[in-house]
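Nothing in this text is a laboratory measurement; each read-out follows from the coordinates by a stated rule. As the structure is a prediction and not an experimental result, all values here were calculated from the model. Cβ: placed from backbone, ideal geometry, glycine included. Neighbour counts: every protein chain shown.
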Amino acid sequence: MDEGYIKFHCELEDDEAPDVIFTSKLNTWRTTLHKHQLIGEYDDGIGYGNVSRRFIADSFIISGSATGSNATLDFAEYVLVTGFNIRTNTVSAKGLIPPSSESLTHGIIYKTLPQVKWVLHIHNATIWKYYKNILPTTAEHIPYGTPEMALEVMRLILASAPTSPRILIMGGHQDGIIAYGINLDDVGQKLLNLVVPE
């Protein structure tokens with residue numbers, strides 16, 4: 001499985017982690033998703049799942065790369081993404097570790113939908129297989145963490161009805177599911193409510 005590797009060029013400025021006030025509620029939901037094994041680490045040691053929140057304008061705070069195994073993150077394990085460029089496949093960030101490999105995808109959601117404040121990315125094989133092509137689904141040939149995935153996510157968002165559930169299945173990113181919205185509790189609960197009928 002091609003997981004966990006950063007595929008963009010990252011310009012990382014070594015700086016302090018974002019202030020606790022901007023990450024505490026996000027961290028609580030991340031811990032909840034980890035408890036439900038929707039964020040974690042595969043047997044081969046590759047982590048999966050990440051969370052973010054809008055900061056100022058299109059900048060956002062996101063969990064750092066290779067943090068999936070940790071049940072709870074400390075604030076040094078979050079990174080501030082200050083900018084990104086789809087055309088040049090670059091991400092600019094401030095933090096003590098690199099940002100998540102899905103930073104481009106989170107970034108394009110914030111850029112496309114200015115009202116969105118939270119993005120949660122989880123993994124679950126059963127839910128992914130069941131909802132694939134039922135919920136809006138990215139094309140299977142497009143891999144995670146690439147400019148192509150970010151553009152595909154933007155396409156799906158723009159094509160979705162305003163009343164859509166704001167959940168996307170990543171067809172080319174095995175087990176990957178993204179939810180986004182204005183209220184963090186609503187976004188997190190939508191993911192926990194995704195069940196597969198027996």
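What the table shows:
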read-out: Segment 9-192, relative contact order in percent, only Cα pairs under 8 angstrom and at least six apart counted; value: 21
read-out: Residue order, fewest to most surrounding Cβ atoms within 10 angstrom, among 137, 72; value: 72, 137
read-out: Cβ-based exposure ranking for 84, 60, 8, 75, in which fewest neighbours within 10 Å come first; value: 75, 8, 84, 60
read-out: Cα-centred dipole magnitude for the chain, charges only on beta-carbon of K, R (+1) and D, E (-1), debye, nearest 20; value: 760
read-out: Partner lysines for residue 190 [C-alpha distance under 26 Å; skip if fewer than 8 residues away on the same chain]; value: 25, 35, 111, 117, 129, 132
read-out: 3J(HN,Hα) from dihedral phi, segment 6-23, Karplus parametrisation 6.51/-1.76/1.60, rounded to Hz, x for glycine, proline; value: 6, 10, 9, 7, 10, 9, 9, 8, 5, 8, 5, 5, x, 4, 4, 4, 8, 10
read-out: Simple spin-label estimate for residue 35 and residue 16 in nanometres, 7 Å along Cα-Cβ; value: 3.0
read-out: Under 14 Å from residue 7, Cα to Cα: aspartates and glutamates that are on another chain or at least 8 residues apart; value: 102, 148
read-out: Loop GluC sites (Glu not before Pro), segment 105-189 (other Cβ atoms within 10 Å of the site Cβ: 14 or fewer; DSSP); value: 140
read-out: Distribution of pairwise C-alpha distances over the chain, 10 Å bins, in %; value: 10, 41, 40, 9, 0
read-out: Under the span-like rule (Cα at least 15 Å along the axis, Kyte-Doolittle mean at least 0.0), DSSP H helices of the chain; value: 147-159
read-out: Full-extension gain in nm, residue 46 to residue 74, via 0.36 nm per residue minus C-alpha separation; value: 8.1 nm
read-out: Ranked 101, 24, 63, criterion: other C-beta atoms within 10 Å, fewest first; value: 24, 101, 63
read-out: log₁₀ of I(q)/I(0) at q = 0.13, 0.22 Å⁻¹ - segment 97-176, Debye sum with one point per alpha carbon; value: -0.36, -1.09
read-out: Alpha-carbon centroid distance for the pair segment 67-82 / segment 151-193, whole angstrom; value: 22
